[in-house]
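Each reported figure results from applying straightforward, stated rules to the coordinates on display, with no laboratory input. Bear in mind the structure is a predicted one, so any value in this text is a computation, not a measurement. Backbone-built Cβ (ideal geometry, glycine too); neighbour counts: all protein chains shown.
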Amino acid sequence: MNITMTEARLRPETHIDLLELVSMEGRYYMARFYIGDDAFILVTKDQRPVLFTSSCDARDAFHHFHIKQTEIIPPAGTDEMVGMTSDSVTEMRVRL
């Protein structure tokens with residue numbers, strides 16, 4: 001489900017169980033987060049994903065929320081280069 005920062009702040013549940021900062025080609029980070037069983041992608045009012053230029057920018061954007069766990073998911077372009085199929089790749093995660 002897509003959600004804007006304004007909508008996220010209006011939700012009564014301000015505790016984020018998991019914030020994932022997904023690296024987009026090693027240049028930007030997209031925020032995907034979970035509140036209970038609900039998954040969200042942070043988007044602009046135009047419904048485009050918010051792209052942060054650094055993990056620090058993403059952290060600053062979420063400073064109003066209590067976050068239980070944060071993980072960075074870096075790109076794995078080398079897997080594509082060596083011909084590995086996407087179902088055989090284990091996603092690397094870095095805990096913050």
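Structural remarks
- Along its three principal directions, the equivalent ellipsoid of segment 3-53 from the Cα gyration tensor extends over semi-axes of 19, 13, 8 Å, largest first.
- Peptides 17-29, 57-69 ranked from most to least packed by the mean count of surrounding Cβ atoms within 10 Å: 17-29, 57-69.
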